[in-house]
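The values are calculated or read from the model by the stated rules, or taken from the named source; none is laboratory data. Note that the coordinates shown come from a computational prediction; the quantities given were computed from them, not determined experimentally. All Cβ positions, glycine included, derive from the backbone under ideal geometry; neighbour counts span all protein chains shown. Note: accessible area is taken over every heavy atom of the protein model, side chains too, but ligands, DNA and RNA are not part of it. Shrake-Rupley method; radii C 1.70, N 1.55, O 1.52, S 1.80 Å.
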Amino acid sequence: MSKWIEEELEPGLRAFYGLKKVLNSCQSKWQSVDVVDLECFGRTLMIDGLIQSCQIDEHVYHESLVHPAMLTHACPKSVYIGGGGEGSTAREVLRHASVEKCVMVDIDGDVVRFCKDALPENAEAFADPRLELVIDDAKAVLEKGGTYDVIIMDLDDPLEGGPCYQLYTTEFYQMIKSKLNPGGVFVTQSGQAGSKRHHLVWSPVHSTLRTVFPSVRSYNQAIYSFMDEWGWNIAFLDAAMGTLLTEEQVNQRISERIKGELKFLDGESYRGLFCLSKAHRETLAKETRVLSTEKGTYATMHSQGLCIAES
């Protein structure tokens, strides 16, 4: 008898994954947390029934999230990560030789504990003396703390009824801006960015950031295990930094700054991240929504569920 995990990707669309083993499973204070081995994706972190990170392709997501911001900055020494409990974002940040301090704040200690035990590829990052790991609210810690060269938000999606929808708003981004050092860079994951659903979160986050920062760029990349393209938005304190690096500049900075070989990102793929389709560019150009806690305007994605079936 085979066991399958069923994930509802959106209303009317479900996917089934062959389940080899459940390593850890709990209902934390904040969410349901599962670490499983899937036949198609390998070791997988699932939060509230949604795939968050799979060994087969998490490097595509995390290299896309981290390195465009880090490579654009002249010399990133201090980095703040909001979320990122599995440790992969911190792993990519700490590959940069210039980094002296990386503060990672995740609200769910169960996620961090599970991933420390189950993801050996991140063991070196968790043991790195430059990493300061804090189990707390990412917004509250950042408000009370110092300033940083690069701030990375690897938060949960803004799901209906979830804890993160307020962290995709003007008020939050204004606070982020105040916590960046001169020449600072901010990047946030921004949800699904494929042809059908890029207007839900990705484009309004871009529109919102543009009211706060002088230069903002959106980008996306297909993530196989997410069954869609995924989106990010990157914002710069210095408007001139919004100009894309050349392929040669990216390759040179990777060679000079980063320990080890990246699996996904190089100069050519970096440029490809920002080559948006005509439809995506039109959506960004027409987007007028500005997300605000004060005004009660939010962007949310459909809140899905998970079940385990046998066949």
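Phe16 accessible area, nearest 10 Å², 1.4 Å probe?
Its accessible surface works out to 110 Å², give or take rounding.
Mind listing the long-range amide H neighbours of Leu180? Cut-off is under 5 Å, sequence gap 5 or more, other chains count too, H placed in the peptide plane at 1.01 Å from N.
Here the answer is Tyr148, since their amide H atoms fall under 5 Å of that of Leu180.
Once fully extended, how much extra length lies between Ser25 and Val141, figured as 0.36 nm per residue of separation less the alpha-carbon to alpha-carbon distance?
Roughly 39.0 nm would be gained on extension.
As an exercise, take the mean of 1/r over every pair of distinct alpha carbons in the range 1-56, invert it, and state the Kirkwood radius in angstroms.
Numbers: mean 1/r = 0.0859 Å⁻¹.
Answer for the range 1-56: a Kirkwood hydrodynamic radius of 11.6 Å.
Could you work out how far apart the two model spin labels at Lys101 and Asp117 are, taking each label as a point 7 Å from the Cα in the direction of the beta carbon, and quote it in nm?
According to this spin-label approximation, the distance is 3.2 nm.
For the range 31-149, compute Rh as the Kirkwood radius over C-alpha pairs and then the Stokes-Einstein diffusion coefficient at 20 °C and 1.002 mPa s; write the answer in µm²/s, rounded to an integer. Numbers along the way, then the final one.
On the way: Rh = 14.7 Å.
It comes out at roughly 145 µm²/s.
Plugging the Kirkwood radius over Cα pairs into Stokes-Einstein for the range 180-311, at a temperature of 20 °C and a viscosity of 1.002 mPa s, what D comes out in µm²/s? Working shown, then result.
Values: Rh = 16.6 Å.
Approximately 129 µm²/s, per Stokes-Einstein.
What label, among [x] 51, 35, 18; [y] 28, 23, 20; [z] 31, 21, 19, belongs to semi-axes √(5λ) of the Cα gyration tensor in Å computed from the structure on display?
This structure yields the entry labelled [y].
Compute for the range 32-81: radius of gyration divided by Kirkwood radius, i.e. Rg/Rh, restricted to C-alpha atoms, rounded to two decimals.
Working: Rg = 14.3 Å, Rh = 12.7 Å.
Computed over Cα atoms, the ratio is 1.13.
Could I have the simple spin-label model distance between Glu261 and Lys295, label points 7 Å from Cα toward Cβ, reported in nm to one decimal?
4.9
Can you tally the lysine pairs in the range 98-214 where the Cα-Cα distance is under 25 Å and the two residues are eight or more apart, or on different chains?
10
From largest accessible area down, sort Glu268, Glu132, Glu58; use a 1.4 Å probe on the protein chains.
Numbers: Glu268 125, Glu132 90, Glu58 20 Å².
The most accessible residue leads, giving Glu268, Glu132, Glu58.
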